[in-house]
Structure formats: C-alpha cells, structure tokens
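The values are calculated or read from the model by the stated rules, or taken from the named source; none is laboratory data. Given the structure is predicted, the values throughout are model-derived calculations rather than measurements. No Cβ is skipped: glycine too gets one built from the backbone with ideal geometry, and neighbour counts run over all protein chains shown. The protein model used for the area step is the full one, side chains on, heavy atoms only, and it has no ligands, DNA or RNA in it. Shrake-Rupley method; radii C 1.70, N 1.55, O 1.52, S 1.80 Å.
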Amino acid sequence: MTAVTLSVVGAGHRGAEAYGDYCLRYPDRARVVAVAEPDPMRRAEFAEDHGIPAERQFATWSDLLARDRLSDGLVVATPDLIRDGPVVTGARKGYALLVEKPFAPTEEQLDAMSAAITETGAFVGVAHVLRYTNFYRTVKRLIDEGTIGRLIHIDQTEDIGYWHFAHSYVRGNWRRAEESSPMLLAKSCHDLDLLTWLIDEPAESVSSSGTLTHFTPQHAPEGAPERCTDGCPAADTCPFYAPRLYLDRLCGHHTWPVTAVTRDTSDAGRLAALQDGPYGRCVYRSDNNQVDHQVVTISFGTGVLATLRIGAFTASNTRTIRILGSHGEISGRLDTGELEVRRFLPARGDTVHEWSRWDRDVQGRSGLPDDETWTISAGPTSDPDLADRPGRRESDGHAGGDDGLMHEFVEQVQQWRSGQTAALPTELRDAERSHRIAFAAERSRHAGQTVELTA
C-alpha cells in the first residue's frame with residue numbers, strides 16, 4: 001500500500017523527534033507532507049528534514065487547517081492548553097487524528113472535545129504509548145491468562161528522576177499547572193491509562209495526596225542567587241546546578257533535553273541560554289507550583305485496588321510495577337525489561353513452563369518447595385516485518401512504545417483510508433477513563449477526601 005500521509009501540528013520534541021522521526025526511518029509506511037509550528041527555526045529544520053515545500057509550511061495550526069485536507073492523518077503535538085482547537089477542527093475536516101497526551105488539560109475541555117468528536121465520528125487515537133511496549137503487553141497477557149489467579153492489587157510507580165523533574169516541572173514548560181496541566185495528568189496519565197487497561201474494570205473512587213515540598217524558596221542554599229550562572233556558592237553540592245547538567249553531563253548530547261533549552265547546542269549557545277532563559281534559574285527561586293511527589297489510590301468495582309506513586313526524588317528515571325494475585329505475584333522494571341513471576345503453586349497446563357525457572361537456592365530465595373519463580377525478558381522488540389532492513393532502526397523512545405504506537409496508527413489509518421473499520425487500543429474512550437481519574441485525584445488532593453466516580 002502507498003505510504004500514509006501526515007500533517008504535523010507542533011514540531012517540538014514529540015512532534016519532531018518521535019512522530020516525525022518515525023516517518024524519516026520508515027518512509028515507505030508514512031511521510032509528513034505539511035507542518036504547523038510557530039517557532040521559525042524549528043519549522044524550517046523540520047520542513048528541510050521532510051522535504052516539505054514552502055506552501056505547506058504554516059506558522060499556526062489554524063493556518064494549516066484553513067486549507068482543504070492536506071493528508072490522511074493529523075498529528076497534534078501542541079502545548080497542552082491549545083490542543084482542543086486543532087483536535088476539534090481536524091476532526092471536522094475529516095483527518096484521522098493522533099493526539100499527544102494529555103488529550104485535554106481540564107475536564108471542561110475534555111467534555112467539549114469528546115462531544116465534538118462524537119458528533120463527527122472521527123478516527124482518533126491518543127498517544128498512550130506505554131500500552132505498545134513489549135513490557136506492559138507481556139504484563140497484560142500474564143494477567144489475562146490467569147497466571148497469578150484473580151487480580152487483587154496493582155502497585156505502579158513512576159520514578160521521574162531528580163534531573164528530569166527539575167528540567168520539566170520546575171524550570172520547564174510544565175512548571176505551572178494552570179499554564180499546562182496538573183503534573184499527575186501531564187506526566188502520569190500514561191500510568192493511569194495502564195492501570196485502567198490492565199484491570200479492565202470501572203473505577204469507583206479515587207483518593208490522592210501530594211504537595212510541593214522541596215522546590216521552594218525556604219530550601220534554597222544560603223546565598224543562592226536567582227540563576228545558577230550568577231556565582232552560586234552551592235554549585236559543588238547542589239544536584240540541580242544547571243551548568244553541571246546541560247554543559248558537563250550532557251556535553252555530547254544534541255537532542256532532548258538540550259534542545260528544549262536551546263536550538264544552538266554548542267557550549268556557547270548552552271551557556272547563553274542558561275544565562276538568559278528559564279533553564280538556568282535556581283530550582284528554589286523559580287515560579288513553579290507543581291507538586292513534587294504524589295500518591296493516588298483507585299478502588300475498582302470488583303474490589304481490586306491500584307496505587308500509583310510518582311515523585312521527583314529518584315536517581316532512576318523509569319517505571320516499576322508489582323501485581324498481587326490470589327495465586328501469585330508479578331514484579332518488574334521497565335528500564336531493564338525484566339519481569340519476575342512467582343506462583344504459589346506449580347503451573348499446570350499453561351504457558352508459564354516455557355520460561356526459564358530460577359534456581360531458588362542460587363538466588364537465595366526461601367519459600368515452600370512448591371513455589372515457582374521465573375524471570376521473563378520483556379524489553380523493546382522490533383516489528384518482525386521491519387527487522388534487518390538497511391537504513392532502519394527501532395527507536396527506544398518509551399521503551400519501544402513510540403514506534404509501537406506509530407506502527408499501529410499507520411496500519412489503522414491505511415485500513416480507515418480504504419473504508420475498513422479501524423480502531424486503536426488507545427481510542428478517545430480509553431483516554432477519557434484515565435483523564436477523569438486524574439481530574440478526580442486532583443479534586444481529592446485539594447479537598448483531602450475520597451472522590452466517588454460516576455459511571
């Protein structure tokens with residue numbers, strides 16, 4: 001089949017380095033034919049990379065969508081607060097839509113956007129990319145096959161990483177909830193989506209607590225100036241000292257997060273950006289108001305409980321999961337791709353025996369003789385149809401989830417284009433579930449009480 005054509009609204013990190021880059025690596029599957037991006041440098045670079053003619057380069061999404069439909073699909077990767085306009089207009093124009101998360105920054109916008117899309121009947125997918133990782137797909141299969149019996153509890157954690165949190169939620173574009181979206185929604189709607197997908201039951205109530213605890217003026221080192229580059233006396237002891245991260249530790253790095261700081265990634269360009277821009281500010285003297293740690297508890301209709309912990313104060317930048325069942329447990333770590341499955345009794349007649357069994361004595365484990373433990377490698381894997389092809393490489397973005405999402409989106413758009421039924425696992429109705437849990441969690445956090453969810 002001919003390649004799917006795409007228009008990209010927002011050529012920032014996600015638009016250019018995830019979705020756009022996929023098209024450069026798989027031009028026989030998808031190609032970008034139009035772009036809307038307000039930053040002239042980003043727009044020019046993106047257009048040059050994709051060979052987009054001048055008449056299909058636009059400064060605003062409204063300029064692009066004022067034209068007749070230019071492509072099969074529309075990728076919407078704008079800032080959170082201006083996502084509703086291109087989504088609704090694109091749906092009415094007849095585009096197949098792929099929308100970056102969060103789909104909507106407020107519940108009011110979610111209601112309005114959902115109603116408009118229902119009215120148009122548009123094909124809409126939301127970029128909850130973690131569903132497309134081999135890791136979480138393996139977890140889903142284990143649960144659905146009854147490997148650990150009846151599901152009882154899931155504990156999901158997102159370790160944001162101290163440097164990543166400071167970059168995005170203290171100094172960066174998401175530092176203020178009212179100018180983007182609440183940190184829980186912006187960073188962890190992925191995790192809430194995973195929980196609703198894995199449990200596959202209606203959520204009944206939500207409770208949450210969390211605060212902005214550390215990144216406040218009272219925790220600034222004595223004598224710390226407004227900017228790290230203004231001679232900070234704590235430069236050698238502060239883990240958030242900006243020149244150490246952007247000039248030293250990332251000295252050979254020329255993509256995100258450096259490109260969020262400056263498009264000129266030379267040493268001189270980086271230093272100038274830290275001296276004048278938001279990423280050089282002291283993390284204790286910024287204008288941030290996002291919580292820096294939060295816990296969410298969700299009760300589901302069948303008695304299953306789920307907990308989500310997110311926080312800034314971790315060295316790792318990954319996700320972990322622990323799942324408790326009536327007949328066993330599963331634990332795993334996304335960055336290594338390793339899952340440990342432990343059954344309380346030996347497997348009988350299922351697929352568990354295909355995985356290598358751990359020697360309990362070698363591993364130093366104790367337990368009843370009939371307990372069985374396996375480890376499963378569930379790291380990123382390539383699409384078998386695309387493997388070993390010259391000039392191709394799989395992206396490791398979101399543990400392979402970025403490419404997994406794009407593979408499926410392109411295939412579904414091909415079906416949609418030919419008049420066949422098309423659907424993504426992360427359709428709008430799925431995003432709605434996770435987003436409404438996030439909004440309820442924020443109401444719970446502010447009110448200090450459990451929030452009941454309506455069916």
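Within the stretch 20-38, the only residue that satisfies the criterion of being in contact with a Lys or Arg (Cβ under 8 Å, 6 or more places away or on another chain), surrounded by fewer than 22 Cβ atoms within 10 Å (Cβ to Cβ) and in a helix (DSSP H, G or I) is R25. Against the test of being modelled with pLDDT of 95 or more and either out of contact with any strand residue (DSSP E or B) (no Cβ under 6 Å at 6 or more places or on another chain) or more than 24 Å from R263 (Cβ to Cβ) (or both), the options A16, A44, A34 yield a single qualifying residue, A44. Tallying residues that are among the hydrophobic types (A, V, I, L, M, F, W, C), modelled with pLDDT of 95 or more and open to solvent by less than 40 Å² (accessible area, probe 1.4 Å) within the stretch 417-453 yields 6. State whether one or more residues within the stretch 233-247 are over 23 Å from W174 (Cβ atoms) and in contact with a Pro (Cβ under 6 Å, 6 or more places away or on another chain). Yes, the conditions are met somewhere in the stretch 233-247. Among the conditions (1) open to solvent by 30 Å² or more (accessible area, probe 1.4 Å); (2) at pLDDT 95 or above, T120 misses just one, which is (2). Scanning the stretch 156-199 for residues that are of a type in the set (D, E, K, R), closer than 16 Å to T307 by Cβ and in contact with a strand residue (DSSP E or B) (Cβ under 7 Å, 6 or more places away or on another chain) gives E158, D159, D191. Can you find a residue in the stretch 273-290 that is part of a strand (DSSP E or B), closer than 26 Å to L194 by Cα, in contact with a helix residue (DSSP H, G or I) (Cβ under 9 Å, 6 or more places away or on another chain) and at pLDDT 95 or above? No, that holds for no residue. Once the stretch 233-285 is narrowed to residues that are of a type in the set (D, E) and closer than 23 Å to S316 by Cα, the residue that is most open to solvent (accessible area, probe 1.4 Å) is D236. Within the stretch 2-15, residues that are touching a residue at least 60 places away in the same chain (Cβ under 8 Å) sit with their Cβ atoms under 8 Å from residues that are open to solvent by 20 Å² or more (accessible area, probe 1.4 Å) and of a type in the set (F, W, Y), at 6+ positions apart or across chains, in these pairs: V9/W61; G10/W61; H13/W256. Residue by residue through the stretch 376-416, note down the ones that are modelled with pLDDT under 85 and either of a type in the set (A, V, I, L, M, F, W, C) or in contact with a Cys (Cβ under 6 Å, 6 or more places away or on another chain) (or both). Passing the criteria: I376, A378, L386, A387, A399. No other residue among E145, E222, E204, E179 is among the charged types (D, E, K, R), free of Cβ contacts under 8 Å to residues at least 40 places away in the same chain and at negative phi apart from E222. Being open to solvent by less than 30 Å² (accessible area, probe 1.4 Å) and either in a loop (DSSP other than H, G, I, E, B) or at pLDDT 95 or above (or both) narrows it down to one residue among T138, T78, T89; which is it? Exactly one of T138, T78, T89 is open to solvent by less than 30 Å² (accessible area, probe 1.4 Å) and either in a loop (DSSP other than H, G, I, E, B) or at pLDDT 95 or above (or both), namely T78. Check off (1) hydrophobic (A, V, I, L, M, F, W, C); (2) assigned to a strand (DSSP E or B); (3) open to solvent by 10 Å² or more (accessible area, probe 1.4 Å) for F313 and give me the number that stays unchecked. Only one criterion in (1) hydrophobic (A, V, I, L, M, F, W, C); (2) assigned to a strand (DSSP E or B); (3) open to solvent by 10 Å² or more (accessible area, probe 1.4 Å) is unmet by F313, namely (2). When the residues of the stretch 198-221 are filtered to those that are farther than 22 Å from D292 by Cα and at pLDDT 95 or above, the one that is nearest to the chain's Cα centre (by Cα) is L198.
Screening T229 on (1) part of a loop (DSSP other than H, G, I, E, B); (2) more than 19 Å from F165 (Cα to Cα) shows it passes everything except condition (1).
Filtering T255, T259, T307 for residues that are assigned to a loop (DSSP other than H, G, I, E, B) and either within 21 Å of the chain's Cα centre (by Cα) or among the charged types (D, E, K, R) (or both) leaves a single hit, T255.
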